[in-house]
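Undergrad: Have a look at this one before I ask anything.
Each reported figure results from applying straightforward, stated rules to the coordinates on display, with no laboratory input. Not measured: the values here are computed from a predicted model. Heads up, the Cβs are rebuilt from the backbone with ideal geometry, glycines too, and the neighbour counts pull from every protein chain shown.
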Amino acid sequence: MATNNEAPLGSTENPIKFKDQDFETLQAECLKSGVLFSDPTFPAEQKSIGTPEDPDPKKAIQWKRPKEISKNAVFVEDTTATTDICQGQLGNCWLLAALSCLTAHPSLFMKVVPPNQSLSDRYAGIFHFKFWQYGEWVEVVVDDRLPVREGRLLFSYSRTRNEFWSALVEKAYAKSIATFLTSHMQHFRGDGGLHWRHRPLSASDIGKVTGEGLIKGHAYAITDADKLTKPSDEILLLRLRNPWGFIEYCGPWSDKGKEWENVDPTEKERIEVKCVEDGEFWISAEDFSNLFDVVELCSVNPDSYDEESTPASWAITEHEGCWLPGSSAGGSRKYNKTFWKNPQYTLVLKEKDENEDEDDDDDVGDDGEDGDDEMEDPTVTPDPKKRAEKQKQKVKRCTVLVELLQKNRRQRDKLNFLHIAFHIYKVLYLSSFNVSNRPACRSGKYKGQRGVWRKMRLDPGTYVIVVSTYRPNIPGEFFVRTFSKIGNTLDMFIFVLFFYQVMTAPVSSKDQERVEMTFDKQAVLEKDYHLPLETCRELIFGEDTKGRCALSREQAGTLLASVRNLQSIFSQFDEDSSGSMSRFELSSALQAVGFQCDNKVVELLSERFTSGELDMPFHGFLSCVTRLRKLFALYESETSQEVKDRGINSVSIKHAQLCTDPGPEQAFHFLLVSIRSGCFSF
């Protein structure tokens, strides 16, 4: 826990230590020993490059420190600029394009590249950088050994050849994703990624130079925007940069474009038009729209601004979650029996926009019919007529940006993204809403990419965001967040956990006779239910045996009636009479028993009592209910109002181990932990 004087863990001031490496501690150890740092967690070896070794000895990779590459090596020379970075023999153009954008914003640059790092003062061969990952800032430590081939840096380098900050940032990013060769801007800024437009590109076209001097399949950085006023009209210009540092656009408004001949020299000087082969050039917004296929934007986090310019009325809310097969991985709306099982979040919108026409490109309401929940078709483009119609409907609403990101999808150095989407439903009462209704808004078709987002303007009210994968029973982790005014909130959509006493139905005369007969003969029940020994022990544990570890006749009768009652309920959800029910039905079955649980608790119960299978046998269901009965009995007997106010929920389960004081509260928390661990010993 952070103290009052300590920044929260995961903030830029107190980042998470990647691989538990602390920069200051490691630097001090190296300075004391006089040995330059060599990072054991990201060794100077071929496997860190991510490609096989070249059989040609002349192309063998060597690892050298900056001062071994350049005698006058520096970390940063004077100031950083958008033209500082160049792409090497290998590398990621997306990464370098993002870095170019970063250099244009000094306050953001210092968050990623901490100041006071040098290749001379307190030099120990160690450097540190910070990247944003799923709502948290992570500090990555690296040594300064860089891959060199034929005397040149293999990856990014500076135009001045003696500046090494960009090469070291690239190495730190490579370490954070386990290899040099792989996407990008979001990790540097901590912002919401906006994917503006996409058109398909043939693999055979990648790398080809167009007639306008642009490289197909290549990433460029947008480093500036400006307007030129002409007697007849106004021209919107964008300044772009090729990370290679050469091969520039040669169309209208390029460095040597004839359009500049009619522009006042003072205007040309103001926007810094340079006829230099540095990879940077100007292009009109109209030509840009026609020639480029994809634009990725970042909606800057409030904590990324300088304090003086921070928009105090806006904030980001973040949550992490997962899709668990058989529990919370319900798939798309075409799977109507399980879609509602997907993770859900409540979005409460209260703060309206100050200006009604704040943004002409905002979305209002749903953009598809109920049957449109298919995977993305890259050939589909937005209908301009439909967008124009929406603009006519504008009234004063609440602007909110929702983003859904996938986590940890890298497998064996490859990205394996699920097709994901989110749907937003307006609700009147939190206890009930119908997912079969048409959503108020959605992210669009299911897309197999890292994240999906939607900026929208909705009426004030309460909404539920349902996040899902296209197919059910596909495991995955995700990160969801909203960017909106401070008065608006995002939280888990959960039910109050409660329990009805419907377990112990009256004992039938037939059961009573049977209990008495078996009890008189051998004091045990016949094994008609074929229950495992462990389940039988749990049934007995759920009863108050007064320390005798044995049941009385009355208790045995009550227990038998409960088992029969549970068997009847279980059979309602055993659709194929196989002796097991789908994990998706667990929450409904528990509700039929009398328990109302939130999704997270059901996930934990499902994990514990199905042993990783998609179906739950009767004895698993029986064990689950028995333990919940004990938990609720203990909860009801609790006298501390503070403890009872906490309720029985996943938060209690998650933090149960923090309880250290002995007594009823500790026992209560320990019992919560037992749901996850399967241990009920006190």
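Undergrad: For Q21, what charge total do you get from the other residues with a beta carbon under 12 Å from its beta carbon, if Lys and Arg give +1 and Asp and Glu give -1? Spell out each step's value before the answer.
TA: Values: positive: K17, K19, K175; negative: D20, D22, E24, E29, D39, E139, D143.
Residues near Q21 contribute -4 overall.
Undergrad: What translational diffusion coefficient, in µm²/s and rounded to a whole number, does the Stokes-Einstein relation yield for segment 559-600 at 37 °C and a viscosity of 0.692 mPa s, taking the hydrodynamic radius as the Kirkwood radius over Cα pairs? Don't jump to the answer; show the numbers that get you there.
TA: Working: Rh = 10.9 Å.
Translational D for this selection: 302 µm²/s.
Undergrad: Shifting gears a bit: Which pairs break 18 Å Cα to Cα here: K352/K426; K47/K171; K341/K630; K111/K407; K130/K485?
TA: Numbers: K352/K426 16 Å; K47/K171 13 Å; K341/K630 26 Å; K111/K407 23 Å; K130/K485 27 Å.
Over 18 Å Cα-Cα: K341/K630; K111/K407; K130/K485.
Undergrad: Net charge near Q591, counting Lys/Arg +1 and Asp/Glu -1 over other residues with Cβ under 14 Å of its Cβ? Intermediate values should be presented prior to the final figure.
TA: On the way: positive: K341; negative: E585, D598.
That works out to -1.
Undergrad: Separation between the K274 and Q46 pseudo-spin-labels, each 7 Å from Cα along Cα→Cβ, expressed in nm?
TA: 4.0
Undergrad: How do V263, V294, V402, V467 rank when sorted from fewest to most other Cβ atoms within 10 Å of their own Cβ? Working shown, then result.
TA: Details: V263 16, V294 12, V402 26, V467 23.
Fewest to most other Cβ atoms nearby, the residues stand as V294, V263, V467, V402.
Undergrad: Give, in nm to one decimal, the length gained when the segment between T25 and R149 is fully stretched (0.36 nm per residue of separation minus the Cα-Cα distance). Numbers along the way, then the final one.
TA: Details: separation 124, 0.36 × 124 = 44.64 nm, distance 3.24 nm.
The T25-R149 span can extend by a further 41.4 nm.
Undergrad: Each label point is 7 Å from the Cα along the Cα-to-Cβ direction; what then is the distance between the points at S578 and S552, in nm?
TA: Simple spin-label model gives 4.3 nm for this pair.
Undergrad: Another question, then. Is the shape of segment 197-294 best called rounded, prolate or oblate, per the rule: a/c under 1.5 gives rounded, else a/b larger than b/c gives prolate, else oblate, with a ≥ b ≥ c the square roots of the Cα gyration tensor eigenvalues?
TA: Details: a/c = 2.29, a/b = 1.70, b/c = 1.34.
Cα axes put segment 197-294 in the prolate bin.
Undergrad: Next question. Exposure proxy check: F584, F417 ranked by fewest other beta carbons within 10 Å?
TA: On the way: F584 26, F417 14.
Fewest-to-most Cβ neighbours within 10 Å comes out as F417, F584.
Undergrad: I would also like to ask the following. What is the total of Lys pairs in segment 197-294 with C-alpha atoms under 17 Å apart, excluding same-chain pairs fewer than 8 positions apart?
TA: 9
Undergrad: Here's something else I'd like to know. Compute, for segment 197-294, the length of the dipole vector about the Cα centre, with Cβ point charges of +1 (Lys, Arg) and -1 (Asp, Glu) only. Units Debye, rounded to 20.
TA: Working: 13 positive and 20 negative charges, 73 e Å.
Using only the charged Cβ atoms, the result is roughly 340 debye.
Undergrad: Now for a different question. For a quick check: with amide H placed at 1.01 Å from N, whose amide H comes under 5 Å from L154's, ignoring anything fewer than 5 positions away on the same chain?
TA: Placed amide hydrogens put V148, R149 under 5 Å from L154.
Undergrad: Right, here's the next one. Give me the one-decimal nm value for the distance between modelled label points at A60 and A633, 7 Å along each residue's Cα-to-Cβ direction.
TA: The two pseudo-label positions are separated by 7.4 nm.
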